[in-house]
Structures are given as structure tokens and as C-alpha cells.
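S.K.: My structure is below; once you've seen it, I'll send some questions.
Each value in this text was obtained by applying a stated rule to the coordinates, not by laboratory testing. Everything quoted here is computed from the prediction, not taken from an experiment. Counting neighbours? That spans all protein chains shown, and the Cβs are built from the backbone with ideal geometry, glycine included.
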């Protein structure tokens, strides 16, 4: 690797926007093939194992870790959504609306009682992701934040339900 290439590597990339790290356009929906291609292209260029004996191995290692972190973030829709919000300076996800909490508690109780089917929760997740696309296009960050928080709780219901993963 040439010195100029290494100088262009920013070792603090892990704190940067994951879309920028991978060089993909920020969007709710990303084509998996585009994401994987960007990831593999960058890893081929910067992975330290490709430069055995290089004095820049630590810098390359940091770059490779940033690329891995960005890929892990963007390959999952919920973390991708969080990255989009953080890219807009929205970072407070700790205070959900009381109405959301009540809705989630009611759904959990209904699932436990057998009066609600898990497929309903999965449909709500799909509807929420669809809404998030429109909010993103409209740059309605406040609504996008609400959808993100809702999705966190809905995904948690799925994760906490043993039969959901069968």
C-alpha cells in the first residue's frame, strides 16, 4: 500500500457515519448486493492481511474494523434506521411516548393470553418499515424517530417469543 493511500485512511472511521464509511447512499432500504459489494471492495483494499509486513498495519486494522462495524450496522434494518437518525443529529431514544408503552404492554399481554397472533406483530413491523421509508423521503425526522422506537419494541417482542424464530 502506498503511503498516500494510508494517509487517506481515517483511523477514527468507527465514529463516522456508516453510510460514508462504506460509500453507500443513506436510505432505509439498501440492496443487500450493493451493501455486500461495497463491504468486500473496501475490505480487499484495506484489510491488514493483504499487507503482510506493512508498517501501516495498525492503521489498516482500524480501517478494517470501521468497515466491519459499518457493515454490521447497515445490514440490519433497525440499526440502519438508527444510523440514519443519528446522521441527522437525533440521538435521544430513551423516552418513548406513554401511548407507545401502553400499546406494547397490551400486545404483550394479549400474546400471553393467546388473544393475539404473533403474525400481527410481524405485520406491524412490516407496516412500520414501510412508513419509515416515506418519513425518510419526506425528511420527517420526528416521525421517523417514533417509528424507530416502535420498531425497537416490536422487534423485542419477536426476540422474546420463543416460537417466533421457528
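S.K.: Would you mind pulling out the separation of the Cα centroids of region 81-100 and region 27-52, in Å?
M.R.: Taking the Cα centre of region 27-52 as reference, the centre of region 81-100 is 27 Å away.
S.K.: Given 37 °C and 0.692 mPa s, compute D for region 37-105 with the Stokes-Einstein relation, Rh being the Kirkwood radius over Cα pairs; round to the nearest whole µm²/s. Can you show the working numbers first?
M.R.: Numbers: Rh = 14.7 Å.
Value of D from the Cα-based Kirkwood radius: 223 µm²/s.
S.K.: I need the Kirkwood Rh of the chain: take the reciprocal of the average 1/r across all distinct C-alpha pairs and report it in angstrom. Kindly include the intermediate steps, with their values, before the conclusion.
M.R.: On the way: mean 1/r = 0.0555 Å⁻¹.
Here the Kirkwood hydrodynamic radius works out to 18.0 Å.
S.K.: Going highest first, how would you order 105-114, 132-141, 66-75 by mean Cβ packing within 10 Å?
M.R.: Final packing ranking: 66-75, 132-141, 105-114.
S.K.: Further question: I'd like the orientation of helix 141-160 relative to the chain: the angle between its Cα long axis and the longest Cα principal axis, in ° from 0 to 90, rounded to 10.
M.R.: 80
S.K.: May I ask for the angle, rounded to the nearest 10°, between helix 57-75 and the longest principal axis of the chain, with both axes built from Cα atoms and the value confined to 0 to 90°?
M.R.: In the chain, helix 57-75 runs at an angle near 20 degrees to the longest axis.
S.K.: Report Rg(Cα)/(2.2 N^0.38 Å) for region 98-165, keeping two decimals.
M.R.: On the way: Rg = 12.7 Å, N = 68, 2.2 N^0.38 = 10.9 Å.
Normalised by 2.2 N^0.38 Å, the Cα Rg of region 98-165 equals 1.16.
S.K.: Please report Rg (one decimal) and Dmax (integer) in Å for the Cα set of region 55-153.
M.R.: Rg and Dmax of region 55-153, Cα atoms, are 17.4, 63 Å.
S.K.: With the crude spin-label approximation of a point 7 Å out along Cα→Cβ, what separation in nm comes out for residue 27 versus residue 103?
M.R.: The modelled label-to-label distance comes out at 2.7 nm.
S.K.: For residue 94 and residue 36, what does the FRET efficiency come to when R0 = 35 Å and r is the distance between their Cβ atoms, rounded to the nearest 0.05?
M.R.: On the way: r = 33 Å, r/R0 = 0.94.
Efficiency, from the Cβ-Cβ distance: 0.60.
S.K.: Shifting gears a bit: Taking a point 7 angstrom from the Cα of residue 160 along the C-beta vector, which residues in region 110-140 have backbone N less than 18 Å away?
M.R.: Taking a point 7 Å out along Cα→Cβ of residue 160, the residues of region 110-140 whose backbone N falls under 18 Å are 110-125.
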